[in-house]
Each structure stands twice: as structure tokens, then as C-alpha cells.
Amino acid sequence: MGSNHPVQVIAVTGGKGGIGKTNVSVNLSLALADMGRRVVLLDADLGLANVDVLLGLKPKATLADVLDGKCDLRDVMVTGPGGIRIVPAASGAASMVSLSPQQHAGLIQAFSEIGDNIDVLVVDTAAGIGDSVVSFVRAAQEALIVVCDEPTSITDAYALIKLLNRDHGMTRFRVLANMVGTPQEGRMVFAKLTKVTDRFLDVALQYVGAVPFDESVRKSVQKQRAVFEAFPRSKASLAIRAIAQKVDAWPLPANPRGHLEFFVERLVQPTGTDL
């Protein structure tokens, strides 16, 4: 593939808090790493870091230090379970919550320096539909919308999709149902969401699968471990593994889309013979 291979960038988002987005991001990252992919997980909940808390890591530096120019992105990465590398956010840093568009651009461009040794970047966005969430989702190749079976989760996911579609021209979204009782419930949640998007928006939603409600997730959170690592045979871990296999088969980006995106320089096709 050469050193200039494209990087798969997946933003895990959903509009609402409390839907298990970070759990999905962490465990999906681990499952992809388990398949031999080189994975970096970006905690993009800039003011309320939670990936490191979830995994019991104690980062010495965070994204705030990168933005202040104190260090490079490589310097803040910490190695997590399964060899995934994590870019920790700052916790309780008000300055990180309201970044300017230039700072966002700088952050997204900073990832170019690690492009050579990464296959997948998973971006765990903040809750809500603020500017930071939108800029990270737009800069990703894939938007993975996490929903669960409660009305507010469906309406928040719809609000996010509508905003990304109407204001930013995004038309394709992947959907994962989380904390479901049965596989049928997952399909039903997806059907509820498509019912509103089909009616009001011109978008294509693709169902990726469901992660069941599983006590072992709660147990692993208490241990500050990822369920995929702590309980690899649990229902949740097996579901994540199946979803990771689908994710791994998603096509890689081929060309730039004309706006700010992660690793955009890898999408520019080389010209001439200077290979």
C-alpha cells in the first residue's frame, strides 16, 4: 500500500449523552486492533474527557497542550489495551469547549503527522450538536450514529443528521443501536429513525448492527476496563466484534471532498513519476 495509504476515519456520535457512545468507540477500537489494524482513538469530547477515565489511564499531557504548542500530537498519545493509541482530551478545560474554527482546523491537520503508522482513526465526539461535534463529524470519512431505544435518543440523532445534511451536505450515515434487549429491538430503533429521516430528509442511513444491553459492560466500567478486553466472550463483546468486521470492510476514501478533513493529503492522488 505504500506509506501513503488512506486512513479510515470514523466519527462516533449521536447527539445525546448517556447512550454509550464512548463505550462503543473504545470497544470498536479494540475489536479493530484485535483484527490487526493500527488504531488511534481520539477523545473529541474536548472539555469533558472520558476515554482515559473509562480505561483508568492517567495521561500526562492532553490535546490542550497540543493546541498551546507545548508538544506534538505524538507526545500526548497514550497506549491503551490491545495496543490502541489514545489521544486524550482535557478534562474541565473551559478553553477547549469553545475552540475557534482555526483551532479545530489546526487540530485536524495535526493528525497528518501520525498518518504513516495508522489504519483507523476512531473519533469519540461530545454529546450534542455543537460546532465541535459538527466539525469532527464532517472531517471524518464515516459518521456512525449511536442510538438507543428511547424517544430522546431518536429525536437527538435526527436533529444531528438534519443539521449535517441541511447545513453541510452530508447524505450518508451509518447507524448502530446500543443497549438493546433483542436484535429485533435494534432493527426497530433503526426503523423509527428512518421513518423520520425518510419523510423529511434526503439521506441514506445504513444499519450497522446492535450491541445488546449487557451487565458485563457495567462491570467493566466499574473496573475501568473495556468490556472487549475484560469480558471478551460477553454478548456485548461478540456484537462489537461482528460490527468491527463490517466496519473493516467499509470502502476507504478515494478523493478529497473539498472541505477540512482528517488526513486529506493522503487522498490527493500522486501525479507524475515522483513515487
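The values are calculated or read from the model by the stated rules, or taken from the named source; none is laboratory data. Treat the numbers as computed from the prediction; the structure is a model and nothing was measured. For neighbour counting, all protein chains shown are included, and Cβ atoms are generated from backbone atoms with ideal geometry for every residue, glycine included.
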Exercise for the section: Check whether at least one residue in region 239-254 is within 25 Å of His104 (Cβ to Cβ), at pLDDT 95 or above and not in a helix (DSSP H, G or I), and report yes or no. Expected result: yes
Fill in the blank from the handout: Scanning region 164-187 for residues that are touching a helix residue (DSSP H, G or I) at 6+ places or on another chain (Cβ under 7 Å) and part of a helix (DSSP H, G or I) gives Leu164, His168
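Do you know which residues across region 255-275 are assigned to a helix (DSSP H, G or I) and either surrounded by 15 or more Cβ atoms within 10 Å (Cβ to Cβ) or modelled with pLDDT of 85 or more (or both)?
First, pick out the residues of region 255-275 that are assigned to a helix (DSSP H, G or I): 264-266.
Result: Val264, Arg266.
Would you say Ala61 is among the aliphatic types (A, V, I, L, M), more than 28 Å from Lys223 (Cα to Cα), surrounded by fewer than 18 Cβ atoms within 10 Å (Cβ to Cβ) and at pLDDT 90 or above?
Numbers: among the aliphatic types (A, V, I, L, M): yes; more than 28 Å from Lys223 (Cα to Cα): no; surrounded by fewer than 18 Cβ atoms within 10 Å (Cβ to Cβ): yes; at pLDDT 90 or above: yes.
For Ala61, the condition - among the aliphatic types (A, V, I, L, M), more than 28 Å from Lys223 (Cα to Cα), surrounded by fewer than 18 Cβ atoms within 10 Å (Cβ to Cβ) and at pLDDT 90 or above - is not met.
Hand me the list of helices (runs of 4 or more DSSP H) wholly inside region 51-153 holding 1 or more residues that are in contact (Cβ under 8 Å) with a residue 24 or more places away in the chain and among the polar types (S, T, N, Q).
Numbers: elements: 51-54, 63-67, 73-76, 94-97, 101-110, 131-139.
Once the helices (runs of 4 or more DSSP H) in region 51-153 are filtered for at least 1 residues that are in contact (Cβ under 8 Å) with a residue 24 or more places away in the chain and among the polar types (S, T, N, Q), what remains is 94-97, 101-110, 131-139.
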Exercise for the section: Tell me which of these Lys235 doesn't satisfy, since it passes every other one: (1) free of Cβ contacts under 8 Å to residues at least 60 places away in the same chain; (2) under 20 Å from the mean Cα position of the chain (by Cα). Expected result: (2)
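Examine region 9-21 for a residue that is closer than 13 Å to Leu121 by Cβ, in contact (Cβ under 8 Å) with a residue 12 or more places away in the chain and either of a type in the set (Asp, Glu) or out of contact with any helix residue (DSSP H, G or I) (no Cβ under 6 Å at 6 or more places or on another chain) (or both), and state whether such a residue exists. So that I can check it myself, show each step before the final result.
Going through region 9-21, the residues closer than 13 Å to Leu121 by Cβ turn out to be 9-12.
Filter once more, keeping what is in contact (Cβ under 8 Å) with a residue 12 or more places away in the chain: 9-12.
Keeping just the survivors that are either of a type in the set (Asp, Glu) or out of contact with any helix residue (DSSP H, G or I) (no Cβ under 6 Å at 6 or more places or on another chain) (or both) gives 9-10.
Yes.
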Handout entry: Selection from region 192-224 of residues that are under 26 Å from Tyr158 (Cβ atoms), β-branched (Val, Ile, Thr) and either touching a Cys at 6+ places or on another chain (Cβ under 9 Å) or outside any loop (DSSP other than H, G, I, E, B) (or both)
Key = Thr194, Val196, Thr197, Val208, Val211, Val217
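Residues are listed down the side, and each one gets a yes or a no for (1) surrounded by 22 or more Cβ atoms within 10 Å (Cβ to Cβ); (2) modelled with pLDDT of 90 or more; (3) within 25 Å of Leu160 (Cα to Cα):
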position	(1), (2), (3)
Asn23	yes, yes, yes
Ser29	yes, yes, yes
Asp34	no, yes, no
Val40	yes, yes, yes
Cys71	no, yes, no
Asp75	no, yes, no
Ile86	yes, yes, no
Ala94	no, no, yes
Ser100	no, no, yes
Practice task
Could you please find all residues in region 58-80 being touching a Leu at 6+ places or on another chain (Cβ under 7 Å), under 21 Å from Leu30 (Cα atoms) and hydrophobic (A, V, I, L, M, F, W, C)?
Solution key: Val76, Val78
Fill in the blank from the handout: The condition of being over 21 Å from Asn23 (Cα atoms), over 20 Å from the mean Cα position of the chain (by Cα) and either at pLDDT below 95 or surrounded by 15 or more Cβ atoms within 10 Å (Cβ to Cβ) (or both) holds, among Leu205, Leu201, Leu164, only for Leu201
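Give Asp119, Asp124 a once-over and let me know the one that is at pLDDT 95 or above, touching a Ser or Thr at 6+ places or on another chain (Cβ under 7 Å) and among the charged types (D, E, K, R). Don't jump to the end; show me each part of the working.
On the way: Asp119 fails: touching a Ser or Thr at 6+ places or on another chain (Cβ under 7 Å).
Among Asp119, Asp124, only Asp124 is at pLDDT 95 or above, touching a Ser or Thr at 6+ places or on another chain (Cβ under 7 Å) and among the charged types (D, E, K, R).
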Problem - Residue among Met188, Met170, Met179 that is in contact with a Pro (Cβ under 9 Å, 6 or more places away or on another chain) and more than 19 Å from Gln245 (Cα to Cα) - result: Met179
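Please determine whether any residue of region 65-88 is among the hydroxyl-bearing types (Ser, Thr, Tyr) and out of contact with any strand residue (DSSP E or B) (no Cβ under 8 Å at 6 or more places or on another chain). Before you say what the answer is, go through the steps one by one.
Quick first cut of region 65-88, residues among the hydroxyl-bearing types (Ser, Thr, Tyr) only: 79.
In the following step, the residues that additionally are out of contact with any strand residue (DSSP E or B) (no Cβ under 8 Å at 6 or more places or on another chain) were identified as none.
Checking region 65-88: not a single residue is among the hydroxyl-bearing types (Ser, Thr, Tyr) and out of contact with any strand residue (DSSP E or B) (no Cβ under 8 Å at 6 or more places or on another chain).
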